[in-house]
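For reference, the structure is listed below as structure tokens.
The values are calculated or read from the model by the stated rules, or taken from the named source; none is laboratory data. These numbers were taken from a predicted model, which means no experiment stands behind them. Please note: Cβ atoms are built from the backbone with ideal geometry, for glycine as well, and neighbour counts cover all protein chains shown.
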Amino acid sequence: MEIAEHIAALRKDGDLLAAAAARTELDTPIPTCPEWRMRDLVRHVGDVHRWATAHVADGRLEPIGPAELPEVAGPLPDDDHLVGWFRQGHSRLVRTLETADPATECWTFLPAPSAVAFWARRQAHETGIHRVDAESPGGPEAVTPFAPRFAEDGIEEVLFGFLSRGGDGVRTDPPRSMHLHATDVDGEWLVRVGPEGAEVTRDHGKADCAVRASASDLYLLLWNRRPVDGLDAHGDRSVLGFWRDTFQVRWSRAR
């Protein structure tokens, strides 16, 4: 996907997240993030947007840590102004990415063609997954599906970005494997996890567990935002339980 496509997705999902938050009590628990209520979710994504904006806008070559976050993101608002605060940070992030010099250099943490491409992609998927969280109090039927191409891109980011970094503790002995087959795009992925970490290929192959589903459902499954129930899954489903228990990406800059 191109930078402009990621920015368009970021704009859309940020607007949907804000709309979901505005119609939901801020004390409402988030089923997909049981430790959070809507208030926590909106604060988190608002902080992340401001954190990301600062890296690009200021050309920061080192990561902004938790001690700097309050200065970068500003004070947290009270409940009456929380959604408006979120919208402001989201709009500024979109504008910053739209107007950024393509040659901008700043800190990144996953492979990408450029720093701007990295932040546009990462923030599009960060916002998209948390938009699902914001919609989840309404039940599965309230969750807006992702466009197939965007979901495919998100699967690629999980498997070839986060998982392939090797630092997220996804290891097992004896080895396990999982095959994912998207039904609405031309995408297949074979994930093998062993004692040394994970290996991912874009292959059709035999695996301990195989899942066929839309790219959106596979994307949500990998981010632990939907159960396997209702999907075409075969083989050893404990592999999916292992994934759910093991694969986690945590925000380490909370305040």
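Being farther than 18 Å from Leu218 by Cβ, out of contact with any strand residue (DSSP E or B) (no Cβ under 8 Å at 6 or more places or on another chain) and aliphatic (A, V, I, L, M): is that true of Ala115 here? Considered against the rule, which asks whether it is farther than 18 Å from Leu218 by Cβ, out of contact with any strand residue (DSSP E or B) (no Cβ under 8 Å at 6 or more places or on another chain) and aliphatic (A, V, I, L, M), Ala115 comes out as yes. Would you check which residues across the range 121-157 are farther than 16 Å from Ala18 by Cα and touching a strand residue (DSSP E or B) at 6+ places or on another chain (Cβ under 9 Å) and list them? Those that are farther than 16 Å from Ala18 by Cα and touching a strand residue (DSSP E or B) at 6+ places or on another chain (Cβ under 9 Å): Pro148, Ala151, Glu152, Ile155, Glu156. Residue under question is Val94, and the condition is that it be β-branched (Val, Ile, Thr) and surrounded by fewer than 22 Cβ atoms within 10 Å (Cβ to Cβ); does it hold? Judged against the criteria, Val94 is a match. The numbered conditions (1) part of a helix (DSSP H, G or I); (2) touching a residue at least 24 places away in the same chain (Cβ under 8 Å); (3) farther than 30 Å from Asp27 by Cβ are all true for Ser177 except (1). With respect to Leu110, determine if the residue is buried (at least 16 other Cβ atoms within 10 Å of the Cβ) and not aromatic (Phe, Trp, Tyr). Against the criterion (buried (at least 16 other Cβ atoms within 10 Å of the Cβ) and not aromatic (Phe, Trp, Tyr)), Leu110 does not qualify.
Taking Arg60, is it over 16 Å from Val132 (Cβ atoms), in a loop (DSSP other than H, G, I, E, B), touching a helix residue (DSSP H, G or I) at 6+ places or on another chain (Cβ under 8 Å) and in contact (Cβ under 8 Å) with a residue 12 or more places away in the chain? Judged against the criteria, Arg60 is a match. For the residues Asp47, Asp27, Asp40, the requirement of being at pLDDT 95 or above and not in a helix (DSSP H, G or I) singles out Asp27.
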